[in-house]
Amino acid sequence: MQRFTLLIGWSLWLAGCNPFAPALEEGDPFAAFMGDPRTIEGFFQNFQVAYELRDISLYEPLLDSAFVFVFYDPDAQVERQWGFTQELEATRRLFLGTSTIQLRWNQILMQEVFDEGRQARVVRSFSLLVTLEQGSLFRSSGNVNFLLVRPDTLSPWRLRRWRDESEL
């Protein structure tokens, strides 16, 4: 009887244990890659991860619903802009049309936090290398001029306004 109880116990233990399947980790699998979104540096780290993984689901939460992208059109010699929806569509197409993206944040040229820690303006240099699906390379560098916002100091930063100051 004792052997039977031991055999039943051993069988039940083995049924729940597969030595060929590792245990699932608890928590967020991206946690080691992601920064604290409540810090400016964490925001930039998360932006880089979203671009390099080409993951729109990581990129979208970084944008404020009132997002505006501003850039200079050298052909028309005029400043142009688009909003939240257009930004997501343009970024989705970028992510789908590339095989790799390497984004490097360089020095912070200007950083100013104001409105009791609920807004920040950051001008930061970057370098970008994009490999398109057909294998051609696109390089860009310059500065981003970001306006980051949040409702309170415990909330994550969101990108409200992106003024592109890149050199094509």
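The values are calculated or read from the model by the stated rules, or taken from the named source; none is laboratory data. Since this is a predicted model, take the numbers as computed values, not measurements. Side chains included, ligands, DNA and RNA excluded: accessible areas come from the protein's heavy atoms. Shrake-Rupley method; radii C 1.70, N 1.55, O 1.52, S 1.80 Å.
Below are the figures for this structure:
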| read-out | value |
| --- | --- |
| Amide proton proximity set for Gly35, modelled H, under 5 Å, gap of 5+ | Asn46 |
| In order through segment 136-145: 3J(HN,Hα) via Karplus (6.51 cos²θ - 1.76 cosθ + 1.60), integer Hz, x for Gly, Pro | 6, 9, 10, 10, 8, 8, x, 10, 9, 10 |
| Average accessible surface area per residue within segment 38-164, 1.4 Å rolling probe, Å² | 53 Å² |
| Heavy atoms of Leu94: accessible area, 1.4 Å probe, square angstrom to 10 | 50 Å² |
